[in-house]
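Nothing in this text is a laboratory measurement; each read-out follows from the coordinates by a stated rule. Quantities reported herein were computed from a predicted structural model and do not represent experimental measurements. So basically every Cβ, Gly included, is an ideal-geometry build from the backbone, and we count neighbours across all protein chains shown.
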């Protein structure tokens, strides 16, 4: 047997020590691990750079990157130098170690242990604190850019008479510098004290002096710096009172100075500033006096003063001066808050008009005519009919519509009055869950885009309750003309696609079969470069990107494909509205995105939380529409930017909308060339811009309290309103605002508007109706109109109107019949329209019947001054409410058109039979001699059978992949 201990027959293996081969392997693995980590970091950086370059916003990437790098190195170096220098000074000031005490003898072994490594230890400590400080400072790049590029507001606060830009741009940066200074002073003090203790400059248990004169002087200077910074903090706190939030029981959330702030806290901060300066000088004086006595006394005085002057005195003022006569004391400061809040949220020009709520017009024919003229009443609810679009226009399972469709304005080709009509619009976007077989090639190479716009009239339904489509089929045809229909960028496009290479993409399917295409849009990042492929393989954790044969010459990767993602990436300083909406503009589908500039530093303006304020019953059901990520508080907001994202090329354009906004001007200085001037907006695009919903919801929430301009009324709380809950569902959330073309009492013609209602706090009757002109091209765009109802009489609010609908016996009976079988009732948007001094309420009622699983418009509820109608059409309901027909009523727009050639005839016939059965049942109930229950029972059976045939035909078509457009 060989000698395992070493000898002529084999090598000697030493126990506990790896062989050269093992050491080489371990070193190799270590090097590979380091290289892997480095390449992972490089991949993230490189792919970001490639993406920004592909969208032509590389300046945003470089400006942000160099700002972060600069802040990292400057503040990291400052912190490292501050801590390292004080450690070095403490070491230089160490006393001679003679006649060591027992305490020092126990520390000697630590000194001996670190002596060989003290330089490396110093470097390690300073590097660590420098890295932490640098990383923290790099995260403040927005504060730096706002401070260095800030432009004036040309408005001054009422207390200190400083420009608002000081509070918005300067004060946040000064507070960061102050915080950094405190951190540096504290860390330096701790490091110096430990060093002094380790080398004998400080003694805790030894007899004699507790500190050497050198240690005393050194630590006193550091304490003096800390106290001096505290003095600066007291001085800045004076200005901070103008943007301080507090809970004020009379008004809720409050920002700005109150009586106690101006008369107690403000002088207290000034006194504390002076005391802190004196205390700091006493600490510095120890360099000469070498005693802690005076500094300690001064520091104790400062602490006592902070308690008495900064805490107890304001409490006494509040208790004995303010509370006994609060309204008189607070009124001047409330007036400042009212003015500042209204200015900061753009509601200072809101026009409040008294409105009786009751019509004085006796001529019912005139009322009926005026009802036609008051609004283009939308009976197609975009938040209800998405499943109907899905069933009738989906075409393939791998297409889908959003849960909530959008409302826009388009010219009708039939040329009625030459006016634009309110249109419900949605895009047929890609739905990967509907792909016949999910795999990497199908998900990322074959199925890459949606196809076509589907639009319907907002004010009409056909005789079966279906939308009247103005743009439909595959490819889409209709009123919108010729445009690029492929949708590579959309709200549902959340994964990456690789296009333009050897793999052909599924384009669309028509009667001739499946069509294919290859992307020619030019967007995305080229994957010809192997480094790019490797970087994306790592960044997306998808190794197939590196070696797949499906990627070849010309292949490009598309990602960050939702409109919100793209705008947020190219303009990280903007807050994005929760609802991007599509529009066909000059032969292109453009996503229009509203963006806001915000600030938290507008003096005296009350704060609001965007995520909470913009929530309503729609966002509760569909979080994609809410600004849920924006939970930060702001007290200034402007819709300063309108952005567009091309659905085919992904091109992002930012347009300056608010030309006076100083916050936007500041960011335009920081990122020059990224925002185009307002004059660059084309007329075609301007026709589709609208007032944004989230801004409107923020403003309406503020206007529940800030519609009053008198401080005394504001303080009493007698005029506080609330946004009512949505009465059409049980979500318990606020009613959403609605887009509607309507005419307010002071307008001569209809304007595309966004409207909402208010009720008194804690009550259900109506207190006000609010609209904002949403037509971007008009001179009244953004004008807020509020119709204030009298407090002496009560006018029914939305909840009461809905209860009235539900309690009417005839209506309740009809609804029970509509629910026959397994049908469901869905209430559409409850629209409010001012009409001749009164208020007209209109609500469409949809039936989701049998197995069809999509809603159809069956009835329209209308009420006006206590008279209610529940009819098959809007015109019939209006006629019944007013007891007459309009003298100028146009022919009813039933939308009865020739069904598309590709419609499923089986489904169509079944729906026709269902309609006939439904009508027969209604006729049986209205028999002059009483309801004919036999005929009604037969009609219900026929209805159920017809619906089942339609459902079976739909299911069969879905399984075959052909879809149905019936």
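Quick rundown of the values:
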| read-out | value |
| --- | --- |
| Alpha-carbon centroid distance for the pair region 253-329 / region 525-564, whole angstrom | 61 |
| Förster-model FRET efficiency, 25 Å R0, residue 128 and residue 65, C-beta, rounded to 0.05 | 0.60 |
| Region 382-487, relative contact order [Cα under 8 Å, separation at least 6], % | 23 |
| Extension gain (nm, one decimal) between residue 25 and residue 262, 0.36 nm per residue minus Cα-Cα | 78.1 nm |
| Relative contact order [Cα under 8 Å, 6+ residues apart], the chain, whole percent | 12 |
| Rounded to 10°, Cα long-axis angle of helix 213-240 versus longest principal axis of the chain | 20 |
| Crossing angle, helix 118-138 versus the chain [Cα axis fit, 0-90 degrees, rounded to tens] | 30 |
| Inter-probe distance in nm under a simple model that places probes 7 Å from Cα toward Cβ, at residue 679 and residue 816 | 6.9 |
| Order of 297, 435 under a 10 Å beta carbon neighbour criterion, fewest first | 297, 435 |
| With Cα atoms, 0 to 90° folded angle of helix 171-198 axis to the chain main axis | 30 |
| Inter-probe distance in nm under a simple model that places probes 7 Å from Cα toward Cβ, at residue 778 and residue 308 | 6.5 |
| Length released on extending from residue 351 to residue 442, taking residue separation times 0.36 nm less the Cα-Cα span | 27.2 nm |
| Exposure proxy ranking, count of Cβ atoms within 10 Å, fewest first, for 491, 354 | 354, 491 |
| For region 717-742 versus region 22-90, the gap between their alpha-carbon centres in whole angstrom | 50 |
| Relative contact order [Cα under 8 Å, 6+ residues apart], region 496-560, whole percent | 47 |
| Simple spin-label estimate for residue 938 and residue 120 in nanometres, 7 Å along Cα-Cβ | 10.1 |
| Sorted peptide list for 45-52, 829-836, criterion being average Cβ within 10 angstrom, highest first | 829-836, 45-52 |
| Modelled FRET efficiency - R0 45 Å, residue 546 with residue 74, Cβ distances, 0.05 increments | 0.70 |
| Gain in span if fully extended, residue 761 to residue 477, counting 0.36 nm per residue against the direct Cα distance | 97.3 nm |
| Mean residue ellipticity (222 nm) of the chain, computed from DSSP H runs ≥ 4 via -39,500 (n - 2.57), nearest 500 | -13000 deg cm²/dmol |
| Order of 756, 674 - criterion: other Cβ atoms within 10 Å of each residue's Cβ, fewest first | 674, 756 |
| Cβ-Cβ FRET estimate between residue 669 and residue 807, R0 fixed at 60 Å, reported to 0.05 | 0.50 |
